[in-house]
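See below for the structure under consideration.
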Amino acid sequence: MSIDLAQLIAQARSKGITIATAESCTGGLIAAALTETPGSSIVFDRGFVTYSNAAKQDMLGVKNTTLTQYGAVSEAVAQEMAEGALNASSATLAVSVTGIAGPGGSEFKPEGRVCFGLAQDGHKTRVETQDFGPLGRSNVRKAALAHGLDLLWQAIDPKR
């Protein structure tokens with residue numbers, strides 16, 4: 001699916017929505033894509049690249065108990081990342097992504113598994129897991145970028 005970022009930014013602006021990102025395996029790709037778009041400064045508040053567990057805890061308030069119990073690649077951590085980005089910013093909408101881009105993985109958390117969170121003022125936080133498969137590091141990151149942007153679109157314009 002091709003994402004029209006100019007339309008996404010315009011629609012967010014028209015609805016008074018501001019955006020924050022909390023990214024691990026994508027390393028800031030979502031924030032970079034958004035800020036590549038003219039006019040994004042009106043809706044993009046900030047991005048958190050929290051690659052390490054310590055960064056997830058320090059910057060987003062992810063609980064050590066959550067990391068220990070579920071691991072960094074989990075819906076529980078994705079939820080706390082999205083909610084943490086919302087709370088640590090002036091944004092009204094936050095997307096999070098944490099996953100295993102590869103190479104590697106395990107039987108329980110294979111390469112290509114990515115967990116997403118979407119936190120929005122006045123809404124229950126949404127979480128989901130996508131198994132993109134062992135596409136290779138670059139392609140998993142690209143797939144996670146596209147899916148993260150699609151989640152933002154769904155929140156900004158559910159009827160789209």
request  = Would you point out the residue of region 102-130, among those that are crowded, with 20+ Cβ neighbours inside 10 Å and at positive phi, that is modelled with the lowest pLDDT?
outcome  = GLY102
message = Let me confirm something: among ALA72, ALA85, ALA155, which residue is in contact with a His (Cβ under 9 Å, 6 or more places away or on another chain), at pLDDT 95 or above, among the small types (Gly, Ala, Ser) and open to solvent by less than 40 Å² (accessible area, probe 1.4 Å)?
response = ALA155
inquiry  = Residue under question is VAL95, and the condition is that it be modelled with pLDDT of 95 or more, of a type in the set (A, V, I, L, M, F, W, C) and touching a Gly at 6+ places or on another chain (Cβ under 7 Å); does it hold?
reply    = yes
ask   = Which members of region 2-39 meet the condition of being under 16 Å from the mean Cα position of the chain (by Cα), of a type in the set (Ser, Thr, Tyr) and open to solvent by 40 Å² or more (accessible area, probe 1.4 Å)?
value = THR35
key: Residues (open to solvent by less than 50 Å² (accessible area, probe 1.4 Å) and outside any loop (DSSP other than H, G, I, E, B)) located in region 131-144   = VAL140, ALA143, ALA144
query = If a residue has to be out of contact with any Ser or Thr (no Cβ under 7 Å at 6 or more places or on another chain) and farther than 28 Å from SER138 by Cβ to count, how many in region 7-26 make the cut?
reply = 6
ask   = Has region 45-60 got at least one residue that is among the aromatic types (Phe, Trp, Tyr), at pLDDT 95 or above, surrounded by fewer than 21 Cβ atoms within 10 Å (Cβ to Cβ) and under 16 Å from the mean Cα position of the chain (by Cα)?
value = yes
query = Residues THR92, THR65: which one is in contact (Cβ under 8 Å) with a residue 12 or more places away in the chain and β-branched (Val, Ile, Thr)?
reply = THR92
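Every residue, every condition in (1) hydrophobic (A, V, I, L, M, F, W, C); (2) modelled with pLDDT under 95, yes or no:
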residue	(1), (2)
SER2	no, yes
ALA22	yes, no
ILE30	yes, no
THR68	no, no
VAL77	yes, no
SER89	no, no
ask   = Of LYS56, LYS124, which residue is out of contact with any strand residue (DSSP E or B) (no Cβ under 9 Å at 6 or more places or on another chain) and either of a type outside the set (A, V, I, L, M) or within 18 Å of ALA144 (Cβ to Cβ) (or both)?
value = LYS124
query = Out of curiosity, is LEU118 in a helix (DSSP H, G or I) and closer than 16 Å to ALA20 by Cα?
reply = no
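The values are calculated or read from the model by the stated rules, or taken from the named source; none is laboratory data. Computed from a predicted model, the values in this text were never measured in an experiment. With ideal geometry, Cβ positions are generated from the backbone for all residues, glycine too; neighbour counts draw on all protein chains shown. In case anyone asks, the SASA skips ligands and DNA or RNA and just uses the protein heavy atoms, side chains included. Shrake-Rupley method; radii C 1.70, N 1.55, O 1.52, S 1.80 Å.
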